[in-house]
Every structure is written in C-alpha cells, then in structure tokens.
Amino acid sequence: MAGSGKAHLRDRDDILLSVEDLTVEFPVGGGRKVYAVSGISFDIAKGETLGLVGESGCGKSTTGRAILQLPKPTGGSVKLKDIELTNLENEDMRARRTDLQMIFQDPISSLNPRRKIGEVVAEPLEVWGPSDKDEQWEIVSKMLDAVGINPDVAREKRPHEFSGGQCQRISIARSLVMEPEVIICDEPVSALDVSVQAQILNMLEDLKAQYGLTLVFIAHDLAVVKNISDRVAVMYLGKMCEMSGSDELYAHPAHPYTKLLLSSSPIPDPLVVIDNSMLTDGELPSPMAPPSGCRFRTRCPLADEICERAEPQMRRVNDDHYVACHHPLVEVDEVEVSLS
Amino acid sequence: MTEPSPSRTISNSPSSDPLLVVEDLKTHFEIEAGMVKAVDGVSFTLERGKTLGIVGESGSGKTVLSRSIMRLNIAPNVHTSGSVKYDGEELLGKSSREMQDYWGAEMAMVFQDPMTSLNPVVKIGRQLTEHVRYHMKVSKKEARLQGIESLRSVRIPEPEERFDVYPHEMSGGMRQRVCIASALACGPKMLFADEPTTALDVTVQHQILNLLQTQQKDRFMTMILVTHDLGVVAGRTDDIAVMYAGRIVEKASTRQLFAGMRHPYTEALLRSIPKASNPSHTRLSAIAGRPPDLINPPQGCKFSPRCPYAQDRCREEEPQIQADSAPGHEFACHFPVGTPENKAAFEKNMADGNPATLAASGQITATEELSSEGVTL
C-alpha cells in the first residue's frame with residue numbers, strides 16, 4: 001500500500017500513541033469500496049494535543065474511531081505505548097478501551113435520554129470500576145464537579161433538562177471517570193454556540209493540565225483546532241497532506257490544500273481582504289474512486305503532470321513541519337520520487 | 001428572466017426610498033408553557049442594494065425575524081405586530097394567498113439546510129421551475145430553458161444533465177447552489193439568506209458566499225444575511241445588526257461595528273471566537289451563563305445576568321436603542337463599551353466579585369451556571 005511516507009514520525013521516549021499506515025476501507029457492495037483512510041501515520045507524545053483537520057469526508061472521524069478499533073482498521077498498526085491494538089482479541093480490546101475514551105459531536109444524542117445523569121456518568125464504572133455504589137458516586141461527583149456541573153442537582157435529572165453545552169460537559173465527565181490516557185474528541189464543539197464553545201475549549205485545556213490527558217482533537221474549524229492543538233495534521237480524502245506544530249502551520253502553510261482551508265475560513269475583521277487565490281471550482285472527488293497520484297490534484301491550482309503520476313511523500317520543511325506535496329509553498333528537503 | 005411578473009400589483013418604479021422598513025416588529029409564539037417572545041420589538045431600515053448581516057446566537061430571534069418579514073410563520077398561535085413595509089407596501093396584514101405574489105417574485109429565501117429544503121422525490125428541474133411558471137406564466141419548454149440557464153448562472157457544471165436529477169444525486173454544496181438558483185429564478189429584489197453556509201465545509205462556504213455576493217451585485221439585489229458567524233458577516237455585509245433575546249442590541253456599518261463596538265454583548269461575542277491569528281493555547285474569553293429564557297426573560301437589560309459591566313440600573317430598566325456619535329451606529333446599553341462609566345462599572349463589579357465579570361477577566365472559569373462561587377477546577 002503506497003502510503004504518504006513516515007518521515008514525520010518522531011523517535012522519542014514519550015510517544016504514547018503511534019499510528020502507522022492506517023488503512024480503513026468499507027465495502028459498499030458490487031465489489032466496490034470506500035477508501036476512507038488510505039495509509040496515514042502519526043504519533044502523539046504524552047500530554048500532547050493533536051488536531052486532525054479537514055473537510056467532511058476526509059477520513060478524520062474514521063481515523064479517530066479506528067484508533068479505538070471501532071471498527072478494526074483494514075490495515076496498519078495502532079500502538080498505545082507498547083501494545084499493538086490491532087492484534088488484540090475483542091475482549092482484551094474492550095478492557096483496553098478504558099484507556100481510550102471518546103467524546104462525540106452531538107452532545108444530546110450521545111446521552112441516553114431515558115437515564116438519569118448520575119447513572120449515565122457512572123456507567124463505565126458499572127463495568128470496570130468499583131462495585132460499591134457510594135465509591136462510584138464519589139468518583140462521579142468529583143468528575144461532574146470538575147466539568148462545572150453541580151453533581152447533587154444533576155444526579156436525578158435527565159439529559160433533556162440540560163442545554164447542549166451542559167450535555168457536552170456531562171459527556172466529558174463520563175469520559176473522564178475511567179481516568180483514560182487518551183481522549184478522542186470528535187468535533188466536540190461544532191454543535192455549540194460560540195459563547196459556549198469558548199467555555200468548553202477553556203475547560204478542556206484545564207482538564208488536560210489537571211489530569212495529564214493526551215487529546216486527539218478532530219474538527220473542521222481551523223481556528224478552533226489551532227487554539228487547542230500542539231500539532232495539527234491536515235487530512236484530505238483519506239490521506240495526510242501536512243503535519244506541523246500549530247503556530248508554524250498557520251504561519252507557513254506548505255500544502256496548497258492547507259492554504260486553501262486557511263484562506264477559506266472567514267476572518268472576523270472587515271479590513272481583511274477575502275483571498276480567492278487558491279479557490280477552484282473543483283468538487284471533492286468520490287472516496288470510492290480517488291484520483292491517482294496526489295488526491296488533491298483535481299482541485300489544486302498548482303497541479304501538473306507529476307501530481308497525476310506519483311503520489312507525493314512526506315518531506316521535511318523543518319523538524320516540526322512535514323508536507324506531502326510535489327509543489328510545496330515553502331522550501332523542503334529533497335527526496336527521491338518513485339513513479340508508480 | 002428578470003422581467004416583472006404580470007401578477008404583481010405593486011409599483012416597480014426605481015426609487016431612492018428604502019426597500020424595507022421594519023418598525024417595532026414583534027413575533028410571539030403561544031405555547032403551553034407561556035408566550036415565547038422570539039422577536040420583541042425590532043426596527044430597522046434597509047436601503048436598496050445593501051446587505052444587512054443579522055448576527056446572534058441560537059435563540060436570539062434572527063431566523064424568526066426574517067421569516068416574520070416574509071410572512072412565513074402564519075399560524076393561529078403566532079402573534080405578529082408592528083409594521084413591515086416592503087417597497088412602500090405594508091405586509092403584515094396580508095394573508096398567505098396574498099403573499100404568494102411576493103414569494104419568489106419579490107422576495108426569496110435561501111435556507112440553512114440544503115438537504116431538507118429540497119423535496120427529495122422531485123427532480124431538481126421541476127423544483128426550479130415550479131414558481132417560474134406560476135409567476136412568469138411561461139410554457140414548460142420556456143421554463144426548462146430558463147431553469148437550465150439559472151443552473152448555469154450559479155456555476156453548476158453540466159446544467160442540462162443536472163436539470164433531470166434528484167437532490168440526493170448532488171453534493172451539499174451543489175444542492176445549496178440549486179436552492180440559490182431557485183431563489184433567484186424569478187428575479188427577486190430582496191433575498192434572505194438564513195445561515196446559507198452553516199451546513200457546508202469552509203471551502204464550499206467560501207464558494208457559496210462568493211456566489212451570493214456576485215449575484216447580488218449583478219442583480220442589484222437587497223440582501224439580509226443571517227448567521228451566527230461574525231467571520232462570515234465581517235467580509236460580506238454593509239451593515240450588521242446584532243440580536244440578543246429577540247431585540248437588536250447594536251447596529252452599525254460593518255467597519256464601524258468592528259472598529260468601535262459599543263454593546264458589551266457584541267464585544268463578548270467577538271472575544272469568545274478563537275482566532276487563527278492568535279498563538280495556539282490562547283485563553284478564550286468565554287461568556288458566562290447562557291442565552292435567556294424567552295418566556296420569562298430577565299428584568300431590565302436581558303444581557304445583564306451575563307454582562308461583565310451590569311449595574312443595578314441594568315437589572316431594573318431595559319435600555320432603549322440610542323444613536324452613537326458615529327452616523328448610523330445605534331446601540332442599547334446603559335454603560336456602553338469605551339466610556340468612563342463602562343470602565344467604572346467593570347472595576348466596581350471586579351471589586352464586588354460579580355461572577356460574569358470574573359469570568360470575563362479570566363479569574364474564574366466561565367460556566368453556564370451563574371452562581372456567586374463560580375466554579376474552580
């Protein structure tokens with residue numbers, strides 16, 4: 001499987017989660033497949049926040065779920081510390097998921113509407129935690145308190161009695177009760193109003209510092225991703241385009257797709273001139289028949305014949321910045337291009 | 001295709017009068033729990049050819065406002081009062097039947113969700129030409145040609161083929177283009193775009209906003225762009241009205257608003273957005289609390305429970321909209337941003353430990369509960 005290279009992987013002792021050549025394909029009948037994720041690699045050090053950003057259909061949510069083995073990826077490796085998750089039996093993986101938790105986009109539908117908040121948050125403990133109800137409640141109330149929900153008021157209430165922002169706080173409390181190592185946040189703030197979004201983002205930063213969490217933060221809003229992430233991976237149609245420290249990425253985007261995303265996000269300042277330089281009329285191709293070579297070429301203003309023939313490999317811009325593009329917007333190290 | 005409809009009764013003389021004059025518009029919904037005051041006294045004037053951005057959080061009344069102007073929410077439990085004058089004609093007394101002469105031909109709307117605003121079992125072409133045939137009284141064949149032309153004008157590739165497909169065969173961005181083509185098909189003078197890009201990816205959003213802007217310029221249309229995203233309105237509008245709890249709390253030209261906002265809610269809204277120009281991990285300035293209950297709104301200024309500058313006066317007396325020194329700039333606040341009174345109010349609240357003030361200054365973490373203890377981690 002032709003990947004996009006692994007030059008950007010780091011050799012460090014504190015790597016908590018490492019993903020190599022991750023591939024996820026979904027059969028859709030008639031022998032056809034959706035190529036949702038096609039050979040991406042990244043690593044996350046302990047305490048880091050990795051942002052995954054891209055348009056809908058780029059495979060960012062699938063990547064998040066594949067880390068949790070939900071469903072098991074088609075190929076590649078997912079390592080949590082030294083444990084290879086893709087080789088685990090289902091029952092072992094179930095136990096391992098206590099270290100890996102997930103927060104979803106829609107806070108209201110991710111809580112069971114018929115159960116009380118006290119039960120919803122205690123559910124992971126029912127399976128894996130202390131069996132004593134008082135001990136469970138002690139943990140639950142501590143976590144509800146940590147997310148800014150009054151535990152005694154919330155205990156007997158049901159999800160519909162809370163706003164979207166409060167439900168998201170409750171989801172976060174539920175993900176914290178197992179004291180996970182990694183939390184995968186899949187668009188956790190995109191359904192919320194900006195004022196509540198800011199509350200949740202600030203809270204995630206605080207919780208991360210307090211509990212030493214490592215986060216994978218999946219979102220489509222570039223400003224949100226930059227705000228919370230240490231490093232950002234830009235994805236397009238199942239491939240990784242660029243990986244960089246977040247300040248560096250926004251200051252010096254190297255991939256034309258990153259530049260397109262940045263210049264498309266609306267800036268709340270009327271004096272900023274709207275930048276149409278990267279905009280083409282192209283549409284997102286079908287993930288069932290991704291373009292050859294560089295998958296972005298059909299929408300790229302810089303694409304030429306090499307982009308059609310050869311898949312770009314990850315190349316180094318600097319130690320904190322890698323890009324997979326034949327025509328990067330900044331200077332990169334040369335590597336040999338193998339024609340397919 | 002922009003010929004005036006024969007069924008239209010109002011005058012079409014080009015004039016310098018404003019196209020839309022809204023005065024003290026109120027829309028209240030009667031429900032079991034009480035009266036929801038969704039729009040509660042909105043007045044504004046919109047000049048021809050201009051774009052007004054209406055900004056606010058969910059529940060601020062921005063969508064109900066635009067639907068009320070178009071008379072799209074007529075029902076026994078909806079109580080609308082005030083005045084909406086469109087091109088000199090009062091709309092509020094009109095029935096749905098009378099409004100049909102306006103919908104599509106005079107004013108049209110592009111909705112948020114392109115998935116649900118098209119009928120999934122009717123081909124694109126018929127949805128695009130139904131109202132054209134009604135208003136323009138053209139033959140089926142002529143309508144088809146016009147429909148294809150309008151698909152081309154919104155830059156849909158292969159318009160002849162796309163005319164005969166169902167909505168599910170198109171992407172979200174393409175569907176929104178169809179909705180825009182449909183809204184523009186009868187050449188309306190006034191376009192309402194209600195969160196037209198919220199369901200779309202940023203790159204598609206950029207294309208759609210560009211499309212709306214060029215169509216508006218080419219046709220000299222008047223537009224109301226409703227959105228929750230200050231970024232979207234910043235680059236695309238002439239004027240902005242900020243709504244909170246059913247009222248306009250601040251209105252100004254777009255440049256003036258961003259250069260010198262006076263209302264604490266506008267300021268708080270802008271501060272709470274993460275900005276790509278700030279370094280990562282910049283602490284966001286969140287607004288404490290949450291939007292008010294529209295059945296039992298707080299006394300006085302409806303923003304006062306969340307406002308870092310609120311004083312006793314704000315909790316008792318609702319501020320009326322007043323003109324600022326800058327022309328066209330209006331706001332409704334007793335302690336407007338940038339005044340010495342505002343500064344004094346902030347310092348007093350800091351000293352008193354007002355939770356909204358402490359949250360705004362980052363001393364405590366903002367939550368949706370506004371208790372005096374705040375929440376500490």
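The values are calculated or read from the model by the stated rules, or taken from the named source; none is laboratory data. Keep in mind that what you see is a predicted model, and the values were worked out from it rather than measured. Note that we place each Cβ from the backbone using ideal geometry, even for glycine, and neighbour counts take in every protein chain shown.
For the stretch B:135-159, which positions are surrounded by 15 or more Cβ atoms within 10 Å (Cβ to Cβ) and of a type in the set (S, T, N, Q)?
Those that are surrounded by 15 or more Cβ atoms within 10 Å (Cβ to Cβ) and of a type in the set (S, T, N, Q): B:GLN146, B:SER150, B:SER153.
Considering each residue of the stretch B:218-264, count those that are more than 14 Å from every other protein chain (Cβ to nearest Cβ) and of a type in the set (Lys, Arg), and give that number.
Final tally of qualifying residues: 4.
For a quick check of your reading of the model, give me the residue pairs whose first member lies in the stretch A:65-92 and is at pLDDT below 95 and basic (Lys, Arg), whose second is surrounded by 15 or more Cβ atoms within 10 Å (Cβ to Cβ) and part of a loop (DSSP other than H, G, I, E, B), with beta-carbon atoms closer than 7 Å and at least 6 apart or on different chains.
Filtered contacts from the stretch A:65-92: no entries.
Go through (1) surrounded by fewer than 21 Cβ atoms within 10 Å (Cβ to Cβ); (2) touching a residue at least 12 places away in the same chain (Cβ under 8 Å); (3) touching a helix residue (DSSP H, G or I) at 6+ places or on another chain (Cβ under 9 Å); (4) within 11 Å of chain B (Cβ to nearest Cβ) and name the single condition A:LEU261 misses.
Going through the list (1) surrounded by fewer than 21 Cβ atoms within 10 Å (Cβ to Cβ); (2) touching a residue at least 12 places away in the same chain (Cβ under 8 Å); (3) touching a helix residue (DSSP H, G or I) at 6+ places or on another chain (Cβ under 9 Å); (4) within 11 Å of chain B (Cβ to nearest Cβ), A:LEU261 breaks only (1).
Take B:THR129 and decide whether it is out of contact with any Pro (no Cβ under 8 Å at 6 or more places or on another chain) and within 14 Å of chain A (Cβ to nearest Cβ). Quick ask: steps written out before the conclusion?
Numbers: out of contact with any Pro (no Cβ under 8 Å at 6 or more places or on another chain): yes; within 14 Å of chain A (Cβ to nearest Cβ): no.
It is false that B:THR129 is out of contact with any Pro (no Cβ under 8 Å at 6 or more places or on another chain) and within 14 Å of chain A (Cβ to nearest Cβ).
Return a yes/no flag: does the stretch A:73-84 have any residue that is under 11 Å from the mean Cα position of the chain (by Cα) and not aliphatic (A, V, I, L, M).
No: the stretch A:73-84 contains no residue that is under 11 Å from the mean Cα position of the chain (by Cα) and not aliphatic (A, V, I, L, M).
Might you check whether a residue that is more than 26 Å from B:ARG71 (Cα to Cα) and assigned to a strand (DSSP E or B) occurs anywhere in the stretch B:266-278?
no
Picking from A:ALA324, A:ALA303, which residue would you name as being farther than 28 Å from B:GLN176 by Cα and small (Gly, Ala, Ser)?
Unique residue meeting the criteria: A:ALA324.
Specify the residue that is farthest from B:ARG236 (Cα to Cα); the eligible residues are those in the stretch B:178-199 that are within 14 Å of another protein chain (Cβ to nearest Cβ) and out of contact with any helix residue (DSSP H, G or I) (no Cβ under 7 Å at 6 or more places or on another chain).
B:THR198
Does the stretch B:293-301 include one or more residues that are at pLDDT 95 or above, at negative phi, buried (at least 18 other Cβ atoms within 10 Å of the Cβ) and away from chain A (no Cβ under 14 Å)?
Yes: the stretch B:293-301 contains one or more residues that are at pLDDT 95 or above, at negative phi, buried (at least 18 other Cβ atoms within 10 Å of the Cβ) and away from chain A (no Cβ under 14 Å).
All but one of (1) part of a loop (DSSP other than H, G, I, E, B); (2) modelled with pLDDT of 90 or more; (3) buried (at least 23 other Cβ atoms within 10 Å of the Cβ); (4) within 9 Å of chain A (Cβ to nearest Cβ) hold for B:ALA286, so report the exception by its number.
It fails just one condition, (2).
Of the residues A:GLU161, A:GLU156, A:GLU187, which is free of Cβ contacts under 8 Å to residues at least 12 places away in the same chain and among the acidic types (Asp, Glu)? Steps first, answer last, please.
Details: A:GLU156 fails: free of Cβ contacts under 8 Å to residues at least 12 places away in the same chain; A:GLU187 fails: free of Cβ contacts under 8 Å to residues at least 12 places away in the same chain.
None of the others qualify; the one that does is A:GLU161.
Being touching a residue at least 24 places away in the same chain (Cβ under 8 Å) and under 15 Å from the mean Cα position of the chain (by Cα): is that true of A:ILE15 here?
For A:ILE15, the condition - touching a residue at least 24 places away in the same chain (Cβ under 8 Å) and under 15 Å from the mean Cα position of the chain (by Cα) - is not met.
Looking at the stretch B:19-73, which of the residues that are among the polar types (S, T, N, Q) and outside any strand (DSSP E or B) is surrounded by the most Cβ atoms within 10 Å (Cβ to Cβ)?
Just the residues of the stretch B:19-73 that are among the polar types (S, T, N, Q), to begin with: B:27, B:43, B:45, B:51, B:58, B:60, B:63, B:66, B:68, B:73.
Remaining after also requiring outside any strand (DSSP E or B): B:58, B:60, B:63, B:66, B:68, B:73.
Details: B:SER58: 14, B:SER60: 27, B:THR63: 23, B:SER66: 20, B:SER68: 25, B:ASN73: 15.
Within the stretch B:19-73, the match that is surrounded by the most Cβ atoms within 10 Å (Cβ to Cβ) is B:SER60.
Taking the condition of being more than 17 Å from A:PHE217 (Cα to Cα) and either basic (Lys, Arg) or touching a Gly at 6+ places or on another chain (Cβ under 7 Å) (or both), how many residues in the stretch A:87-111 meet it?
Number satisfying all stated conditions: 4.
Evaluate the following for A:CYS241: is it within 26 Å of A:THR49 (Cα to Cα) and in contact with a strand residue (DSSP E or B) (Cβ under 9 Å, 6 or more places away or on another chain)?
For A:CYS241, the condition - within 26 Å of A:THR49 (Cα to Cα) and in contact with a strand residue (DSSP E or B) (Cβ under 9 Å, 6 or more places away or on another chain) - is met.
If you check B:GLN146 against the conditions, is it within 27 Å of the chain's Cα centre (by Cα) and either closer than 23 Å to B:MET221 by Cα or assigned to a loop (DSSP other than H, G, I, E, B) (or both)?
In short, no.
Suppose we filter B:SER277, B:SER272 for residues that are of a type in the set (Ser, Thr, Tyr), within 23 Å of the chain's Cα centre (by Cα) and within 14 Å of another protein chain (Cβ to nearest Cβ); which single one remains?
From the options B:SER277, B:SER272, the qualifying one is B:SER272.
Kindly indicate whether A:ILE267 is over 26 Å from the mean Cα position of the chain (by Cα), assigned to a loop (DSSP other than H, G, I, E, B) and either polar (S, T, N, Q) or within 14 Å of chain B (Cβ to nearest Cβ) (or both).
So A:ILE267 does not fit the description; no.
Looking only at the stretch B:65-91, count every residue that is hydrophobic (A, V, I, L, M, F, W, C) and in contact (Cβ under 8 Å) with a residue 40 or more places away in the chain and tell me the total.
Going through the stretch B:65-91, the residues hydrophobic (A, V, I, L, M, F, W, C) turn out to be B:65, B:69-70, B:72, B:74-75, B:78, B:84, B:91.
After this cut, where a residue has to be in contact (Cβ under 8 Å) with a residue 40 or more places away in the chain as well, the list is B:65, B:69-70, B:78, B:84.
Number of matching residues: 5.
Return the residues of the stretch A:44-61 that are surrounded by 21 or more Cβ atoms within 10 Å (Cβ to Cβ) and modelled with pLDDT of 95 or more; say none if nothing qualifies. Quick ask: steps written out before the conclusion?
Kept after step one, since they are surrounded by 21 or more Cβ atoms within 10 Å (Cβ to Cβ), are these residues of the stretch A:44-61: A:44, A:49-54, A:58-60.
If the condition is that a residue be surrounded by 21 or more Cβ atoms within 10 Å (Cβ to Cβ) and modelled with pLDDT of 95 or more, then A:ILE44, A:THR49, A:LEU50, A:GLY51, A:LEU52, A:VAL53 are the ones that fit.
Identify all residues within the stretch A:184-227 that are facing another protein chain (nearest Cβ under 9 Å), within 20 Å of A:SER246 (Cα to Cα) and not in a helix (DSSP H, G or I); write none if there are none.
A:HIS220, A:ASP221
What single numbered condition from (1) closer than 16 Å to B:GLY187 by Cβ; (2) surrounded by fewer than 16 Cβ atoms within 10 Å (Cβ to Cβ) fails to hold for B:PRO76?
Every listed condition holds for B:PRO76 apart from (1).
Identify the residue in the stretch A:162-183 that is assigned to a helix (DSSP H, G or I) and in contact with a strand residue (DSSP E or B) (Cβ under 9 Å, 6 or more places away or on another chain) and, among all such residues, is nearest to the other protein chains (Cβ to nearest Cβ).
Taking the candidates together, the pick is A:GLN168.
Picking from B:ALA310, B:ALA326, B:ALA332, which residue would you name as being closer than 30 Å to A:ASN227 by Cα and either without any contact (Cβ under 8 Å) to a residue 60 or more places away in the chain or more than 14 Å from chain A (Cβ to nearest Cβ) (or both)?
Going through B:ALA310, B:ALA326, B:ALA332 in turn, the sole match is B:ALA310.
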